[in-house]
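Participant: Following this message is one structure expressed as structure tokens.
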Amino acid sequence: MRIGAHVDSSDPLAEATARAADTVQFFLSDPQGWKAPKPRADADRLRSAEVDLYVHAPYVINLATLNNRIRIPSRKLLLAHARAAAAVGARGLIVHGGHVNAGDDLATGFDNWRKAFAYAAEAGGFGVPVLIENTAGGTNACARRLDALARLWETIGDHEVGFCLDTCHAYAGGEELLGLVDRIKAITGRIDLIHANNSKGAFNSGQDRHDNLTGGTIDPEQVVAVIRAAGAPVVVETPGGADGQAADITFLREQLGVPAPTA
Ligand SMILES: [Zn+2]
């Protein structure tokens with residue numbers, strides 16, 4: 001089982017070494033900005049690395065919104081990131097499920113997701129698996145609660161689309177972790193990546209505040225149980241820099257009986 005961390009994008013492979021991680025996730029541009037990613041000088045090195053790479057799309061992207069001034073740039077930015085992620089050999093591009101504004105019809109939000117996939121297909125496809133991640137907050141979210149996730153998958157499940165399960169977001173979003181993997185797989189048929197995070201916020205608080213695995217409000221054994229049930233690669237998005245994340249990775253390897261990679 002591959003276990004790694006979300007790291008700074010300047011030298012992801014050095015960050016992997018610093019954490020004894022065999023998987024890293026990083027941004028290709030400012031996560032709060034609308035700039036398309038630039039080609040990377042280290043693309044060849046990244047593509048041929050032993051470390052598995054995942055790219056996280058910017059947070060500003062919202063494919064579901066009825067606000068066209070956000071939605072149209074969002075689908076363009078997602079496609080640009082997909083191309084850039086493919087260029088570095090990433091195994092997946094993670095994007096949040098998005099939401100509609102208060103008073104807007106969530107059904108239109110799901111249909112906007114369908115349009116985003118149609119737009120990409122027309123442009124020749126994403127070229128990398130797109131993994132939709134569950135989110136913690138909001139009352140009009142497409143992928144906070146599983147009833148919404150089921151409607152999202154009814155709309156886009158025929159496309160090549162994967163799922164990324166964030167344990168902090170699920171718990172803070174109000175989904176019990178016990179049995180969660182089975183409930184999700186009944187909807188999506190797959191879990192491609194786990195974001196293993198503890199939560200500073202309480203159950204169903206709606207707060208997206210990650211904590212280290214043995215801190216926070218979630219029993220760490222429940223996070224381990226989710227990973228074991230999913231059998232998917234793991235990325236921790238926890239605080240504390242290289243030391244904090246290395247400790248989280250070591251904790252997971254010990255709990256799961258996974259040996260550390262030999263350098
Ligand atoms: Zn996450």
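Participant: Restrict the check to segment 80-94 and report whether at least one residue is assigned to a loop (DSSP other than H, G, I, E, B), more than 16 Å from the ligand (Cβ to nearest atom) and more than 16 Å from the chain's Cα centre (by Cα). Don't jump to the end; show me each part of the working.
Facilitator: Taking segment 80-94 first, the residues assigned to a loop (DSSP other than H, G, I, E, B) are 88-92.
Now narrow it down to the ones that are more than 16 Å from the ligand (Cβ to nearest atom): 88-89.
Checking which are more than 16 Å from the chain's Cα centre (by Cα) leaves us with 88-89.
For segment 80-94, residues assigned to a loop (DSSP other than H, G, I, E, B), more than 16 Å from the ligand (Cβ to nearest atom) and more than 16 Å from the chain's Cα centre (by Cα): present.
Participant: Does segment 186-207 hold any residues that are of a type in the set (D, E, K, R) and in contact with a Phe, Trp or Tyr (Cβ under 9 Å, 6 or more places away or on another chain), and which are they?
Facilitator: 190, 192
Participant: Follow-up question, since we're still on this one. Considering only residues that are among the charged types (D, E, K, R), within 16 Å of the ligand (Cβ to nearest atom) and more than 17 Å from residue 212 (Cα to Cα), which ones fall in segment 165-184?
Facilitator: Selection gives 175 alone.
Participant: Within 16 Å of the ligand (Cβ to nearest atom), modelled with pLDDT of 95 or more, more than 17 Å from residue 63 (Cβ to Cβ) and out of contact with any Gly (no Cβ under 8 Å at 6 or more places or on another chain): is that true of residue 136 in this structure?
Facilitator: Spelling it out, it is not the case that residue 136 is within 16 Å of the ligand (Cβ to nearest atom), modelled with pLDDT of 95 or more, more than 17 Å from residue 63 (Cβ to Cβ) and out of contact with any Gly (no Cβ under 8 Å at 6 or more places or on another chain).
Participant: Any idea which of 258, 235, 224 is within 16 Å of the ligand (Cβ to nearest atom) and of a type in the set (A, V, I, L, M)?
Facilitator: 235
The values are calculated or read from the model by the stated rules, or taken from the named source; none is laboratory data. Worth saying up front: this structure is predicted, and the values here are computed from it rather than measured. Please note: Cβ atoms are built from the backbone with ideal geometry, for glycine as well, and neighbour counts cover all protein chains shown.
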